[in-house]
Amino acid sequence: MTDQPVCLTLIVPHQLRDEVFDHLAEQTDLVSGFTASQGSGHGTEIRLLTAAERVKGHADQTVVQVVLARNDASRLLDRLRVSFAGTKLVYWTMPVTEFGTID
């Protein structure tokens, strides 16, 4: 049985961005690379931490996506739970049906 690839998506508060990037970069046994983009968090569960966020009405966040094997995603999530306990990082995984590079 093959270990199906998944896309792990993390929603990272702006103030944790560099720390999460560093943590992911250290997980060389699981993470070969990741993609990050800016996001805006909206909703009742979103914490607006700065005056600027309260004025804008949304939280500045970073969306991080990592494609990796399902078992590796579980292992990475376990490590994130230890390193970022209490930070309320939001995550989800989705199956990846195809992944590659176009040369």
message = What are the pairs with Cβ atoms under 8 angstrom where one residue, in region 89-103, is closer than 17 Å to LEU10 by Cβ and the other, located anywhere, is open to solvent by 60 Å² or more (accessible area, probe 1.4 Å) and outside any loop (DSSP other than H, G, I, E, B)? Sequence gap at least six, or different chains.
response = THR93/ARG70
key: Filtered residue count, region 1-15, keeping only those that are over 11 Å from the mean Cα position of the chain (by Cα) and surrounded by 15 or more Cβ atoms within 10 Å (Cβ to Cβ)   = 3
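The values are calculated or read from the model by the stated rules, or taken from the named source; none is laboratory data. Everything numeric in this text was worked out from a predicted model, so none of it was measured. A quick note on method: Cβ atoms are made from the backbone with ideal geometry, for glycine too, and the neighbour counts reach across all protein chains shown. Heavy atoms of the whole protein, side chains included, go into the accessibility calculation; ligands, DNA and RNA do not. Shrake-Rupley method; radii C 1.70, N 1.55, O 1.52, S 1.80 Å.
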